[in-house]
């Protein structure tokens with residue numbers, strides 16, 4: 001009878017714990033979204049880099065390969081495999097757009113964070129609710145974390161997975177039992193971002209050593225080996241699928257971890273100083289100072305046990321890996337704080353842990369109240385305010401609509417456009433894209449000098465319509481916009497700016513659109529006539545006829561492959577692709593057409609460019 005009663009009592013407590021976790025989730029959602037009402041939504045919502053990830057996932061669902069252009073190439077244009085997979089599954093099931101996905105990603109991730117956060121403190125429900133409420137309110141005032149959490153990028157998912165990893169390790173030590181299936185959760189955390197394995201590896205090392213010290217067995221090492229094995233298998237798949245272990249984002253941003261390690265080992269003082277400055281910036285922006293002002297005094301009352309000591313070690317490790325990440329990865333694009341926002345969440349968790357596991361809640365509360373004026377004064381001194389994260393989709397969407405209008409006026413189906421803002425441009429799948437920002441174009445990302453950029457862009461790529469503005473015009477003045485070849489090939493649309501004057505000026509360049517002369521509606525070029533024919537009737541026979549005619553005339557026949565490239569999805573759908581592909585004998589043309597299937601194809605184009613430049 002007693003056994004029955006005890007079992008029932010345990011079930012009742014378990015139900016209470018679940019209810020408490022649900023309360024934690026609701027608290028976080030309510031407080032976070034209350035906080036977002038006081039910030040301009042355009043400052044933080046729907047960042048274009050997040051839409052790039054969703055665009056690659058949408059491409060996978062609609063066209064069968066991970067990329068950003070319907071016709072190719074395969075490209076790893078995102079640094080967040082988990083968000084890509086989550087959006088691909090969600091889009092496959094619901095066709096949800098990037099706006100609603102971003103919203104629900106924020107809502108659900110915030111709920112899960114609250115659900116997990118309060119689990120660390122479930123022994124005293126009322127205290128746990130108070131701690132969760134205070135922590136959630138505090139986080140809403142640390143804007144690098146708070147705004148990026150709702151940006152539509154991978155930050156919200158990363159926050160969930162890092163907190164989940166800590167809870168898996170904490171719970172295992174607390175109950176003195178390892179659930180090996182939970183290794184899959186930790187593995188997922190290693191690919192929240194491609195660089196997440198750097199942080200999670202350190203946690204696994206600490207967890208394994210700590211478990212061995214407490215239990216005198218190697219079970220945690222076995223758990224860690226499972227995680228690393230899954231991670232290694234995933235990397236092999238990436239290499240097989242994309243043809244490279246480095247993502248295209250690394251080439252585009254010149255991120256090479258081995259080179260950075262080499263600079264550190266060689267004692268490069270300038271690089272060390274730059275990295276140290278970024279580390280200090282992350283420490284301040286991601287609330288490291290709050291850790292010092294609150295946790296160190298509260299440690300006086302801290303009542304250690306084996307699970308909360310582990311938690312303290314793990315969170316301090318994340319703080320350190322976050323602060324020192326610039327030494328390996330350099331400065332993050334857009335905002336230096338963007339890739340380390342998980343640090344703020346875990347700093348607040350550590351403050352809550354030290355407060356909760358104290359010898360005297362009353363004593364800790366009094367001490368915290370005494371410290372609060374100093375915390376508020378330091379916060380005000382740091383002048384922490386909401387800020388514009390950069391790269392909102394709103395402005396880019398108007399550019400997309402203008403590019404679509406130009407294409408319609410010139411009767412160009414699925415034009416190849418070129419512009420530096422990839423996310424919204426590629427999400428709608430109206431265009432094939434040569435990305436001036438390089439993230440979505442493996443060739444652009446790997447061009448090593450201006451000569452190669454000129455040779456590719458104005459000799460191979462030849463986009464139909466171009467838009468550029470601001471810094472990007474200056475970046476490409478010498479290799480593209482200020483060259484005589486560009487003047488000959490392209491015309492400005494509805495403007496007549498002097499590009500040489502713009503390039504020689506320090507002023508911010510205006511937004512300019514160009515169209516290639518040979519592709520205009522009224523052009524009499526062979527390319528335009530061929531395009532009109534294929535738009536009217538998609539036919540492999542017409543392609544064969546054009547190839548034979550061009551060879552007979554001994555003209556430059558590269559326009560044929562460029563035109564066929566526009567219609568690759570339709571040729572595949574009608575079963576004509578293999579027939580059309582086999583009509584071409586030029587290896588460069590074939591490399592252009594097979595990029596959606598062969599991730600290495602672009603390397604032949606790079607080789608051909610270099611070969612021709614060397615021969616000159």
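The values are calculated or read from the model by the stated rules, or taken from the named source; none is laboratory data. As the structure is a computational prediction, the values presented were derived from the model and not from experiment. So basically every Cβ, Gly included, is an ideal-geometry build from the backbone, and we count neighbours across all protein chains shown.
Yes or no: residue 455 touching a helix residue (DSSP H, G or I) at 6+ places or on another chain (Cβ under 6 Å), over 24 Å from residue 52 (Cα atoms) and either modelled with pLDDT under 95 or not assigned by TED's automatic domain parsing to the domain that holds residue 567 (or both)? Judged against the criteria, residue 455 is a match. Regarding residue 55, is this residue assigned to a helix (DSSP H, G or I) and either surrounded by fewer than 24 Cβ atoms within 10 Å (Cβ to Cβ) or in contact (Cβ under 8 Å) with a residue 12 or more places away in the chain (or both)? The answer is yes for residue 55. Tell me, yes or no, whether region 545-559 has at least one residue that is modelled with pLDDT under 95, more than 20 Å from residue 404 (Cα to Cα), in the same structural domain as residue 457 (by TED's automatic domain parsing) and surrounded by 12 or more Cβ atoms within 10 Å (Cβ to Cβ). No, that holds for no residue. Looking across 528, 542, 537, one residue alone is modelled with pLDDT under 95 and either outside the structural domain of residue 439 (by TED's automatic domain parsing) or crowded, with 18+ Cβ neighbours inside 10 Å (or both). It is 537. Counting only residues that are surrounded by 18 or more Cβ atoms within 10 Å (Cβ to Cβ) and under 27 Å from the mean Cα position of the chain (by Cα), which one in region 581-604 is nearest to residue 62 (Cα to Cα)? Taking the candidates together, the pick is 596.
Is it the case that residue 154 is farther than 30 Å from residue 357 by Cα, buried (at least 19 other Cβ atoms within 10 Å of the Cβ), in contact (Cβ under 8 Å) with a residue 60 or more places away in the chain and touching a strand residue (DSSP E or B) at 6+ places or on another chain (Cβ under 9 Å)?
no
Inspection of region 478-500 finds a residue satisfying the criterion of being surrounded by fewer than 19 Cβ atoms within 10 Å (Cβ to Cβ) and within 30 Å of residue 247 (Cα to Cα). Quick one: is residue 502 assigned by TED's automatic domain parsing to the domain that holds residue 490, part of a helix (DSSP H, G or I) and either under 37 Å from the mean Cα position of the chain (by Cα) or modelled with pLDDT of 95 or more (or both)? Spelling it out, residue 502 is indeed assigned by TED's automatic domain parsing to the domain that holds residue 490, part of a helix (DSSP H, G or I) and either under 37 Å from the mean Cα position of the chain (by Cα) or modelled with pLDDT of 95 or more (or both). Every condition in (1) exposed (fewer than 14 other Cβ atoms within 10 Å of the Cβ); (2) over 35 Å from the mean Cα position of the chain (by Cα); (3) in contact (Cβ under 8 Å) with a residue 40 or more places away in the chain is met by residue 613 except one, and the failing one is (2). Quick one: would you say residue 80 is surrounded by 18 or more Cβ atoms within 10 Å (Cβ to Cβ), closer than 22 Å to residue 438 by Cβ and over 17 Å from the mean Cα position of the chain (by Cα)? No: the conditions fail for residue 80. Assess whether residue 172 counts as being outside the structural domain of residue 320 (by TED's automatic domain parsing), touching a residue at least 40 places away in the same chain (Cβ under 8 Å) and out of contact with any helix residue (DSSP H, G or I) (no Cβ under 6 Å at 6 or more places or on another chain). Considered against the rule, which asks whether it is outside the structural domain of residue 320 (by TED's automatic domain parsing), touching a residue at least 40 places away in the same chain (Cβ under 8 Å) and out of contact with any helix residue (DSSP H, G or I) (no Cβ under 6 Å at 6 or more places or on another chain), residue 172 comes out as yes.
Does region 63-108 hold any residues that are assigned to a loop (DSSP other than H, G, I, E, B), in contact with a helix residue (DSSP H, G or I) (Cβ under 6 Å, 6 or more places away or on another chain) and closer than 15 Å to residue 424 by Cα, and which are they?
To start, the set of residues in region 63-108 that are assigned to a loop (DSSP other than H, G, I, E, B) comprises 64-66, 68-73, 75-80, 95-97.
Then keep just the ones that are in contact with a helix residue (DSSP H, G or I) (Cβ under 6 Å, 6 or more places away or on another chain); that gives 66, 68, 70-71, 73, 75-80, 96.
68, 70, 77, 78, 96, listed by residue number.
Looking only at region 237-254, decide whether some residue is surrounded by fewer than 18 Cβ atoms within 10 Å (Cβ to Cβ) and modelled with pLDDT under 90. Yes, region 237-254 contains a residue that is surrounded by fewer than 18 Cβ atoms within 10 Å (Cβ to Cβ) and modelled with pLDDT under 90. I'd like to know if region 445-452 contains one or more residues that are out of contact with any strand residue (DSSP E or B) (no Cβ under 6 Å at 6 or more places or on another chain) and either assigned by TED's automatic domain parsing to the domain that holds residue 251 or under 25 Å from residue 520 (Cβ atoms) (or both). No, that holds for no residue. Are there any pairs with C-beta distances below 7 angstrom linking a residue in region 178-201 that is under 14 Å from residue 85 (Cβ atoms) to a residue that is not in a helix (DSSP H, G or I), with the two at least 6 apart or on different chains, and if so which? Listed by first residue and then by second, the contacts come to 192/80; 192/154; 193/79; 193/80; 193/154; 194/79; 194/247.
Within region 18-44, the set of residues being closer than 14 Å to residue 117 by Cβ and crowded, with 16+ Cβ neighbours inside 10 Å comprises 20, 21, 23, 24, 25, 27, 28, 29, 31, 32. Among the helices (runs of 4 or more DSSP H) confined to region 151-225, the ones with at least 2 residues that are farther than 30 Å from residue 103 by Cβ and modelled with pLDDT of 95 or more are located at 155-175, 196-215.
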